[in-house]
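Colleague: Before anything else, here's the structure in question.
The values are calculated or read from the model by the stated rules, or taken from the named source; none is laboratory data. Being a predicted model, the structure only gives us computed values, none of them experimental. Positions of Cβ are backbone-derived with ideal geometry, glycine not excepted, and every protein chain shown enters the neighbour counts. Accessible surface is based on the protein model in full, side chains and every heavy atom, while ligands, DNA and RNA are left aside. Shrake-Rupley method; radii C 1.70, N 1.55, O 1.52, S 1.80 Å.
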Amino acid sequence: MDQLGIPAIRGRTRAGAPLAPVTWFRVGGPAEWLVRPADADDLVTLLRSLPAALPLTVLGAASNLIVRDGGLPGVVVRLGGGFGAVAVEADGVVAGAAALDATVAEHAAAARLAGLEFLCGIPGSIGGAVAMNAGAYGTEVKDVLDWAEVATPGGVQRLPAADFRFAYRHAALPPGPAVVVRARFHARPGDAGAIAARMAEIRAAREATQPVRARTGGSTFKNPPGHSAWALIDAAGCRGLTLGGAQVSEKHCNFLINAGGATAADLEALGEQVRARVLAHSGIALDWEIRRIGRASPPPLAGEGRVAVDGAAGGKDSTPTRVGLTRPTPRAAGEGGTP
Ligand SMILES: Cc1cc2nc3c(=O)[nH]c(=O)nc-3n(C[C@H](O)[C@H](O)[C@H](O)COP(=O)(O)OP(=O)(O)OC[C@H]3O[C@@H](n4cnc5c(N)ncnc54)[C@H](O)[C@@H]3O)c2cc1C
């Protein structure tokens, strides 16, 4: 029986926590252990004490992810309220990694700071925005980031933007476990009316062109150099294509949607079908922008049936006070899946 060396932390730890309810697609299996550190010190304690062999996954708002149906092995870190503070300065905004991009855009707008309007329509968190170099309407995180603080087993380091070597939907985080905990974005004094108008324009454009109210993960594939992914997908005849409960959006064909009852496997297989059709039609191989993580199916039951977390069984929220947690019983396929 595996022993997981999860240290005592002040935050919350939960075994077998369903993840589907927190992902934008509403699919995927559970986290073996879901850990919500109280603050950055607590997170460093966790990172420092975890066995190197234990898988570690960081989730933001899960708006760019397909969590596979077998769930995530090891420890899944999700940042909560202790990482959500937003502070406005004269020429920028400092935001915790759990703050939503839209919240940061709104704080900047309220303080008449221009330059961060593009964040208003991206449904992720600041941690995810830095990790993905999120961008829209001509601006990316790399254009506005001054620094970001990253928690590692060695402590919290403040890194200048250049250290992230940003590329299209990519940032290089320090090697090993690394979690973005805070970031500073520069902005410039602007006209309140113009800032509000720009944000309204961005929101209206999204409503008109993207299935923003659907269960989706945003753009599925990166735009290949010189091409729009959606145009290649459309030309390959994939608009509206379905597989199980998954569908290529009719409104924006670079978006996959969970049209009802989709599994992660449906979504991933449909995405692969789209890639194959585009390759056959145009000779261009699309790269996934959505990150697909976890196990395709739950690990086989091996007789484990009990969870020992300070006496709390069955995945209730709990704070362990000692290392050596018993690996929880894997859930049945689909549990915690589509609502
Ligand atoms: C309707 C819709 C519209 C979208 N439009 C856009 C758009 O215009 N532009 C755009 O760029 N994206 C867009 N997206 C995709 C998504 O919102 C962005 O990629 C966003 O930045 C992801 O942030 P998140 O917090 O949801 O990250 P998640 O999806 O939770 O995670 C994404 C990646 O970031 C990593 N990560 C998350 N938090 C941290 C952290 N604190 N430290 C280290 N790594 C971390 C995760 O491990 C994972 O690899 C859209 C998505 C949807 C659903």
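Colleague: If you take the residues of the range 157-173 that are in contact with a helix residue (DSSP H, G or I) (Cβ under 8 Å, 6 or more places away or on another chain) and open to solvent by less than 70 Å² (accessible area, probe 1.4 Å), which of them is nearest to Gly218 (Cα to Cα)?
Modeller: The qualifying residue nearest to Gly218 (Cα to Cα) is Arg169.
Colleague: Answer with yes or no whether Gly176 is at positive phi and either at pLDDT 95 or above or in a loop (DSSP other than H, G, I, E, B) (or both). Walk me through it before giving the result.
Modeller: On the way: at positive phi: yes; either at pLDDT 95 or above or in a loop (DSSP other than H, G, I, E, B) (or both): yes.
Against the criterion (at positive phi and either at pLDDT 95 or above or in a loop (DSSP other than H, G, I, E, B) (or both)), Gly176 qualifies.
Colleague: Give me a count of the residues in the range 157-184 that are touching a residue at least 40 places away in the same chain (Cβ under 8 Å) and within 12 Å of the ligand (Cβ to nearest atom).
Modeller: Of the residues in the range 157-184, 10 are touching a residue at least 40 places away in the same chain (Cβ under 8 Å) and within 12 Å of the ligand (Cβ to nearest atom).
Colleague: Now for a different question. Can you name every residue in the range 128-153 that is in contact with a Pro (Cβ under 9 Å, 6 or more places away or on another chain) and touching a residue at least 60 places away in the same chain (Cβ under 8 Å)?
Modeller: Ala151, Thr152, Pro153
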